[in-house]
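Below is one structure, written out as structure tokens; comments come after it.
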Amino acid sequence: MKDSASDPTADIAREYLERENKEKQVLALLLEKFLGRKDQILVQKTEMGGTEAYVSSVTLEWFAGRVHFASGLPLFQKKYNPETDNVEIDADSIDEIQQRPLDWSRQAPLVQYLAARDNHKFPPVLVVINQPWVDNPKAAEWDSEGRATKSTTDFIPLDKDGKVGLLNISEDDVTIYALDGQHRLMGVQGLMELIKTRKLQRYKKDKGVDDSFITVNDLIEKYQVDLAYLQNLPKEKIGIEFICAVAAGETRTQARRRVRSIFVHVNLMAAPLTKGQLTQLNEDDGFAIVARKIAVTHPLLEQQQERKPRVNWNSATVASNSTVLTTLQALQDMSERYLAQKFPHWKPLEKGLIPMRPEDEELEQGIQEFSKLFDNLASLSSYKILEHEDTPALRRFSFEKDGGEGNMLFRPVAQVALAQALGILVFKKGFSLADIFKKLRKFDQQGGFSGMEYPQSLWYGILYDPNKKRVQVAGRDLAAKLLVYILGGIQEQMERAELRKALADARTVEDKTIGFDGKFVEPKAVGLPTVL
């Protein structure tokens, strides 16, 4: 056997590896040199639809300090409101607007998201590079026909194909504006302010002062945020894509139209998720997780080969002729209104924040409690009919084509109201779920949930709008209170009096109050129903 030291193939392989390692070391030194420059950034050039762009990443600190809101472009200065950082829209400026107005009430939730969640993530931002000569019609960079002789992006290629190189971002030469990502910029700037001063002013939509602050101490107390972790956040990186404010050969008008068009396209192509789709994907909201689990495992809802689907996964509504029983969005609302009485901490601390995912043990408890609720719901005679009947006939009102039972249990808004009432009774007032459903089964057999469109129904004027002849969502909370009442959960006289007045008001149409016999009566004549 030959000694490998004298093997020519082994020698060549060793030399190749040594050369490759040296080249890597040289490349590392060059990258270190270029990446360390403050006036240039290493980028990859892309091109799509005739627009050149340069992709890279920057620290959050750099992003907050170097990028400006698009409304600050010199183009907008005549209509720019420095107090709100927005452009005032009028007949003169409407054609110039490239951005939706900034909503400053979003800053605090965005800052809390970045500071309090370990797995936070912002998508890349799209920015525009502008140079001073753009706004000087007499500048040498404009030719005699008003066309730019150069681009506002100064790119130095480092490879023969011009795909990788350095982009000039010197503060002396360029100004950078956020085209897509203004609220991300707002959130990162707020984070820097919080880290620097240990507090951040909250704002209203139009940047009016909210008279309250986010403080570092609040974050430490409520979210157990580590101070060292907070101090390291400015070093985190966000993806960034640069385009030019003006390309070579463009007039100022053409450039403005191109930039505005890109903004519109970016937003049109990013179709928002429906509420149902958000519930499908949400891994932080405990109520959504429980709703998903019940939707696919409970016998009343799960997909079975011999029957049509019972859950609409995307839409928040159910058409009168739909064969589904409910929607995933309604199941999440039911989950929240039922289980929030037992697990109030599953909700975010304030509106706009992403909730913290509950512990697995608590989630399992929530699934068990919600499953028990559906076991009992399945025992109602209205739902037992589903073994032989499709939902449209049970959902439709009597006056609709082919007629129907007008049963509120087949309307998502009523399902949510029922879950809300039962959550209060079980977790707040200590009622037994078994005892509640003994009463509800009798109420259902007597037609208590059916015929919503008739004045005899308790839900007439509340969940059913006699004027528009359709279900009304606005009556959900009143329906929940009435359910709590008829199940024996309201004893206080003042609360009963308020409920009676609310019921009379709901049954009043154009100053005429409709009694349970269908005749016009004085509002005081409308009494509360009998407790079950």
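The criterion of at least 1 residues that are more than 29 Å from Ile129 (Cα to Cα) is met, among strands (runs of 3 or more DSSP E) falling completely within segment 172-215, by 199-203, 209-215.
Candidates Lys199, Lys160: the one that is of a type in the set (Lys, Arg) and at pLDDT below 90 is Lys160.
Which of the residues spanning segment 120-146 are of a type outside the set (D, E, K, R), exposed (fewer than 12 other Cβ atoms within 10 Å of the Cβ) and more than 30 Å from Tyr229 (Cβ to Cβ)?
At the first step, the residues of segment 120-146 found to be of a type outside the set (D, E, K, R) are 120, 122-134, 136-137, 139-140, 142, 144, 146.
Remaining after also requiring exposed (fewer than 12 other Cβ atoms within 10 Å of the Cβ): 123, 137, 140, 144.
Pro137, Ala140, Ser144, listed by residue number.
Quick check on this structure: which one of Gly451, Gly423, Gly404 is in contact (Cβ under 8 Å) with a residue 24 or more places away in the chain, touching a strand residue (DSSP E or B) at 6+ places or on another chain (Cβ under 9 Å) and either assigned to a helix (DSSP H, G or I) or not basic (Lys, Arg) (or both)? Before the answer, list the steps.
Values: Gly423 fails: touching a strand residue (DSSP E or B) at 6+ places or on another chain (Cβ under 9 Å); Gly404 fails: touching a strand residue (DSSP E or B) at 6+ places or on another chain (Cβ under 9 Å).
Criteria check complete, one pass: Gly451.
Which residues, counting only those in segment 186-212, are polar (S, T, N, Q) and either under 8 Å from Trp104 (Cα atoms) or in contact with an Asp or Glu (Cβ under 9 Å, 6 or more places away or on another chain) (or both)? Of everything in segment 186-212, just one residue is polar (S, T, N, Q) and either under 8 Å from Trp104 (Cα atoms) or in contact with an Asp or Glu (Cβ under 9 Å, 6 or more places away or on another chain) (or both), namely Gln201. For beta carbons closer than 7 Å, sequence separation of 6+ or different chains, a first residue in segment 303-325 that is more than 27 Å from Phe399 (Cα to Cα) and a second that is of a type in the set (Val, Ile, Thr) and surrounded by fewer than 18 Cβ atoms within 10 Å (Cβ to Cβ), the qualifying pairs are Asn314/Thr274.
Restricting Pro355, Pro348 to residues that are of a type outside the set (Ser, Thr, Tyr), under 32 Å from the mean Cα position of the chain (by Cα) and within 23 Å of Val311 (Cβ to Cβ) narrows the list to Pro355.
Would you mind stating whether Lys429 is touching a Gly at 6+ places or on another chain (Cβ under 9 Å), farther than 25 Å from Val471 by Cα and surrounded by fewer than 24 Cβ atoms within 10 Å (Cβ to Cβ)? It would help to see each step written out before you state the result.
Details: touching a Gly at 6+ places or on another chain (Cβ under 9 Å): yes; farther than 25 Å from Val471 by Cα: yes; surrounded by fewer than 24 Cβ atoms within 10 Å (Cβ to Cβ): yes.
Yes; evaluated as a whole, the condition is true for this residue.
I'd like the full set of residues that are within 30 Å of Glu336 (Cβ to Cβ) and among the hydroxyl-bearing types (Ser, Thr, Tyr), limited to segment 474-532. If the condition is that a residue be within 30 Å of Glu336 (Cβ to Cβ) and among the hydroxyl-bearing types (Ser, Thr, Tyr), then Tyr485 is the only one that fits. Please tell me if Thr153 is within 16 Å of Ala247 (Cβ to Cβ) and either without any contact (Cβ under 8 Å) to a residue 40 or more places away in the chain or more than 41 Å from the chain's Cα centre (by Cα) (or both). The answer is no for Thr153.
The condition of being more than 27 Å from the chain's Cα centre (by Cα), of a type outside the set (Phe, Trp, Tyr) and in the same structural domain as Lys121 (by TED's automatic domain parsing) holds for only one of Arg258, Arg307, that being Arg258.
In this structure, Ala64 does not qualify as in the same structural domain as Glu236 (by TED's automatic domain parsing) and part of a strand (DSSP E or B).
For segment 74-132, filtered to residues that are at pLDDT 60 or above and of a type in the set (Asp, Glu), the residue that is nearest to the chain's Cα centre (by Cα) is Asp103. Taking segment 151-171, which residues are touching a helix residue (DSSP H, G or I) at 6+ places or on another chain (Cβ under 8 Å) and assigned to a strand (DSSP E or B)? Across segment 151-171, the qualifying residue is only Leu166. For segment 263-297, filtering for residues that are crowded, with 19+ Cβ neighbours inside 10 Å and either modelled with pLDDT of 90 or more or of a type in the set (Lys, Arg) (or both) leaves 9.
Go through segment 194-233 and give me each residue that's of a type in the set (Val, Ile, Thr) and either out of contact with any Phe, Trp or Tyr (no Cβ under 9 Å at 6 or more places or on another chain) or closer than 14 Å to Ala115 by Cβ (or both). Quick ask: steps written out before the conclusion?
Here is the first cut: in segment 194-233, the ones of a type in the set (Val, Ile, Thr) are 195, 197, 209, 214-216, 220, 225.
Correct list: Ile195, Thr197, Ile214, Thr215, Val216, Ile220, Val225.
The values are calculated or read from the model by the stated rules, or taken from the named source; none is laboratory data. Source: prediction; values computed, not measured. With ideal geometry, Cβ positions are generated from the backbone for all residues, glycine too; neighbour counts draw on all protein chains shown.
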